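Enquirer: Can you read through this structure? Questions will come right after.
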Amino acid sequence: MKDSELLALLKNMTLEEKIGQLSQAGNGDILKYEGAPLPTMTENDLTWEQLISSGSLITGGAMHAEDAAFMQRRFRTETRHGIPTLFMADIIHGTRTIMPIPLAQACSFNEALVEEGAAVAAEEAASAGIHVTYAPMADVIRDPRWGRSMESFGESPQVCGRMSAATVRGFHSKGMATCVKHYVGYGAVEAGREYSPVDISHTELFNTYFPPFQAAVDAGCDMVMSAFTPIDRIPATANKWLLDDVLRKRMGFDGAVITDWGCVRELPVHGVAGDNKEAAYQAFKATTDIDMMTFVYLRELKQLVEEGAISEEEIDQAVLRVLRLKNKLGLFEDTFEALNNERQQECYHLESHLETSLKSALQSCVLLKNDGALPLKKGQTICLCGDHAETHELLGGWSSNGQISETESLLEVFERHGAILESSPELCDVIVYAVGEIQKQTGECKSKAHPELTAAQLAELRSLRQCGKPIVMVLFTGRALIISDAEPYCNAILNAWFPGTKGAEAIWQLLSGEVNPSGHLAVTMPRTVGQIPIHYDSMPTGRPNTKTRKACLNKYVDEVNEPLYPFGFGLSYTSFELHDVKVEGCISEGQNAILTATIENIGSVSGTALVQAYGRMRRSIQTVPIKTLLDFVRVPLAAGEKKTVSIELNRDMLTTYDCSGEKVLPHGTCDLLLGFDSAGGWNASVEV
Ligand code: GLC
């Protein structure tokens, strides 16, 4: 439809019809209604005409394609203008074929693979009739107590931005729209406690929390979801500075903003609105377009317009953003006849989708420790044990329509590959101890005050240790679980996160050495809860904990400062070395420098290294992080092979922002680290 036709349609709509486009209902109601008032209608005092005017519906990956077509026909035939509805869903890391959780995918440091996984998810979701995913989740996280760590791409603003943009590209490649969330700062909830308030300075917003959303907007993200949490003590949904001044005017976002679930109705609970009518006014004036699942907009906006508190032109602007998204997706021309349950099931089980899931899991698992116990040797007898040895629940939270019945367990995969299993840990050659948190403990409403292995798991590990056999721990977790008490008992540790539909197969291929691990941590793994928050790009102190001074230093009296495993860390079955680190040129406006080195695989098997470049200006008008991740590149190398790796350095990588969001351009010397994780020392510098 031409934009002029959209404007003509808008002109012909009544105020009620327009407001309907700004309201999101559940798809179940539209499916079920047969004339008798539904609970949703009685509870919210809604007529069917109001409900069927909903501009969008929230649904899920379990929706049947033909049900979607039926509902669209209802919108087409039971409303005056026949405006189709938008189906939106949480397609976070897969629809039916489930990829590893986003936190795991980030550990692949492979944007193309994240994009490929998103494309698979989109193809399957589109076959169900879904138009928009509530993804990517671009929240930076630094607290493993928060259950939604699993949904994030980790602690690095750079990695979160690049993986969020890759997710947008992946969904767009299959014609699906994306809704980046949760704008902004939800990952910084106080004490990692779900839905707690956040308190983030503007400097921190501009330097850490806004950039991943800017990256998603720059990648063409279609919608933005406001977070449950406040900024400057104003909930995001009613925060005009956040939504209008920053998101729309500064970041250049021109799409629709939707609230998170129920946020409009929570404004009175936050204590910033006296009632739902005031809540509707505040959210709308902040430029929140769509009210998710409270029907407050549907019930209050009309009166606010009639009273002149909100103009119909303002309503039109919001409605146009919704109609233009529908138009961009071709909904006005779509007959929805192509939606077919059989075709949907075929799409849900494509071999190529399972291959992507396997590839993603292979590159997402992180080898944290290995004293030679891995790879497993042919002919070894294996005692496979632990609470995750036989479970099929390897998908993690937010796994949409993923079926655990279609997910192999580790035991099934070991048996399928002919592993020689020995039930007695005393009699086997090697113990594979599969342990971690259960997938129901990951995701929303899953914060933990004790993000650790349980006492029972540790006791089991200690008793296994008595058997005197090498122990390979395979860890399943949706967060940077604290495993420092377990680490000394393990000869090897593979962090598998929640690896998705083909996760068990991937774990077998990695443990057996068929594939060499190449994952690296996208989030620091602390030694203790007491160290939280702990991340590679923390801000400097005037009293760093250097060994040269004995006086009062930046440290604990009862714990070291260093994490158990630093951001960027990951082992391989081979070893890599970097030689001849050099810098060519200097950095200035429009001129980049090149950081080069020779990388060599000095081991006996091929592998993929992750070369990471970090930097820090020696001096700046305001403090900068002790390390900033500048870039990263995966480098596959055969045994003995050497390659030259080069990373281009530009000024934007070192540009920061002051509290008003003004750029602070770097001038002077920048120390550089080119290495295989964030813990190394500087080994080059460049003039800026
Ligand atoms: C949930 C989540 C959000 C999700 C939305 C719709 O509460 O916070 O991430 O997209 O509601 O399910």
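The values are calculated or read from the model by the stated rules, or taken from the named source; none is laboratory data. Being a predicted model, the structure only gives us computed values, none of them experimental. All Cβ positions, glycine included, derive from the backbone under ideal geometry; neighbour counts span all protein chains shown.
Enquirer: Just to verify a result, which residue in segment 505-545, among those that are of a type in the set (S, T, N, Q) and in a helix (DSSP H, G or I), is farthest from Pro451 (Cα to Cα)?
Expert: Ranking the qualifying residues of segment 505-545, first place goes to Gln509.
Enquirer: Can I ask one more? Which ones in segment 634-644 are free of Cβ contacts under 8 Å to residues at least 60 places away in the same chain and assigned to a strand (DSSP E or B)?
Expert: Val635, Pro636, Lys642, Lys643, Thr644
Enquirer: What pairs come up if the first residue lies in segment 466-489 and is free of Cβ contacts under 8 Å to residues at least 40 places away in the same chain, the second is basic (Lys, Arg) and outside any loop (DSSP other than H, G, I, E, B), and their beta carbons are under 8 Å apart, counting only those six or more places apart or on different chains?
Expert: Tyr489/Arg462; Tyr489/Arg465
Enquirer: What are the residues in segment 1-31 that are within 20 Å of Leu329 (Cβ to Cβ), hydrophobic (A, V, I, L, M, F, W, C) and surrounded by 23 or more Cβ atoms within 10 Å (Cβ to Cβ), if any?
Expert: Leu22, Ala25, Ile30
Yes/no per residue for (1) charged (D, E, K, R); (2) assigned to a strand (DSSP E or B):
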site	(1), (2)
Val224	no, yes
Trp241	no, no
Lys249	yes, no
Val264	no, no
Phe284	no, no
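Enquirer: Which pairs do you get when a residue that is farther than 14 Å from Leu629 by Cβ and free of Cβ contacts under 8 Å to residues at least 12 places away in the same chain, found in segment 662-688, comes within reach of a residue that is among the β-branched types (Val, Ile, Thr) and in a loop (DSSP other than H, G, I, E, B), reach meaning Cβ atoms under 9 angstrom, with the pair 6+ apart or on two chains?
Expert: Once the first residue is farther than 14 Å from Leu629 by Cβ and free of Cβ contacts under 8 Å to residues at least 12 places away in the same chain and sits in segment 662-688, its partners that are among the β-branched types (Val, Ile, Thr) and in a loop (DSSP other than H, G, I, E, B) give Lys663/Thr655.
Enquirer: Based on what the data block shows, is Ala128 surrounded by fewer than 24 Cβ atoms within 10 Å (Cβ to Cβ), more than 13 Å from the ligand (Cβ to nearest atom), at negative phi and of a type outside the set (S, T, N, Q)?
Expert: No.
Enquirer: Can we say Lys643 is at pLDDT 95 or above, under 16 Å from Val581 (Cα atoms) and not aromatic (Phe, Trp, Tyr)?
Expert: Yes, satisfied.
Enquirer: Please pick out the residue among Ala309, Ala279, Ala256, Ala283 that is touching a Ser or Thr at 6+ places or on another chain (Cβ under 7 Å), over 30 Å from Thr501 (Cα atoms) and not acidic (Asp, Glu).
Expert: Ala283
Enquirer: Still on this structure: For segment 148-160, what are the residues that are more than 16 Å from the ligand (Cβ to nearest atom) and either crowded, with 24+ Cβ neighbours inside 10 Å or under 22 Å from Phe228 (Cβ atoms) (or both)?
Expert: Matches in segment 148-160: Gly154, Glu155, Ser156, Pro157, Val159.
Enquirer: Additional query: Among the residues of segment 403-445, which ones are within 16 Å of the ligand (Cβ to nearest atom) and crowded, with 23+ Cβ neighbours inside 10 Å?
Expert: Answer for segment 403-445, where residues must be within 16 Å of the ligand (Cβ to nearest atom) and crowded, with 23+ Cβ neighbours inside 10 Å: just Thr442.
Enquirer: Continuing with this model, one more query. List the pairs whose first member sits in segment 435-462 and is over 24 Å from Ala227 (Cα atoms), whose second member is away from the ligand (no atom under 16 Å from the Cβ) and of a type in the set (Phe, Trp, Tyr), and whose Cβ atoms are under 6 Å apart, counting only residues at least 6 apart or on separate chains?
Expert: Within 6 Å, the pairs are Gly436/Phe476; Leu461/Tyr489.
Enquirer: Let me ask something else. Looking at (1) among the acidic types (Asp, Glu); (2) part of a helix (DSSP H, G or I); (3) more than 21 Å from the chain's Cα centre (by Cα), can you tell me which one Glu204 breaks?
Expert: Answer for Glu204: the failing condition is (3).
Enquirer: Which residue is nearest to the ligand (Cβ to nearest atom), if the candidates are limited to segment 245-296 and must be among the acidic types (Asp, Glu) and more than 15 Å from Thr229 (Cβ to Cβ)?
Expert: Asp291
Enquirer: Would you check if Ile83 is in a loop (DSSP other than H, G, I, E, B) and within 14 Å of the ligand (Cβ to nearest atom)?
Expert: no
Enquirer: Filtering segment 662-688 down to residues that are surrounded by 20 or more Cβ atoms within 10 Å (Cβ to Cβ) and touching a Pro at 6+ places or on another chain (Cβ under 6 Å), which residue is nearest to Ser620 (Cα to Cα)?
Expert: Looking at residues that are surrounded by 20 or more Cβ atoms within 10 Å (Cβ to Cβ) and touching a Pro at 6+ places or on another chain (Cβ under 6 Å), I get Val688.
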